[in-house]
């Protein structure tokens, strides 16, 4: 019996229980299926080890803890049947990071630092221009317009830089979590 068939039969047997209780029971049974799959068992083997879904539903309806615990015995993980993808997860993470991710991260970080330098340079130029305006004579209106334009460009660049830095660190965190997942579970 497949996982879906087993859960459907169990859900039908639990028909008079509350929705939240049924949902909780089905989640628990799905967890047993997940543990069995990790241990290298098929869905048929797992459903056979859990027993008849109608009997399990009756045990839940009656509140018979002994029958429930007997039916839900933990499926032990068999190390010899672990899927090869779990064994290759750490190798993939190390090679992917060394060959692609770390160099790309360094390039992105350098680009962000260069943008910070450009932003500081624009603000410095703006200050120098503002200091030169009083002694410029006839060019005052043009220099004021130029200073205002540079100010708004610098403001735009600063906002863009803040957004890029925020997303850079957020993306780095997501990438680290993905690495952990691939390391532990494989692809």
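Points to keep in mind about this one:
- Single match in 179, 184, 167 (criterion: surrounded by 14 or more Cβ atoms within 10 Å (Cβ to Cβ) and part of a helix (DSSP H, G or I)): 179
- Across the stretch 131-162, the number of residues qualifying as in a helix (DSSP H, G or I) and either more than 30 Å from residue 110 (Cα to Cα) or in contact with a strand residue (DSSP E or B) (Cβ under 9 Å, 6 or more places away or on another chain) (or both) comes to 14.
- Any chance residue 173 is loosely packed, with under 11 Cβ neighbours inside 10 Å, free of Cβ contacts under 8 Å to residues at least 24 places away in the same chain and either at positive phi or touching a strand residue (DSSP E or B) at 6+ places or on another chain (Cβ under 7 Å) (or both): no
Quick note: the coordinates plus some simple rules give every number you see, no bench work behind them. Everything quoted here is computed from the prediction, not taken from an experiment. Quick reminder, even Gly has a Cβ in these numbers, built from the backbone with ideal geometry, and neighbours come from all protein chains shown.
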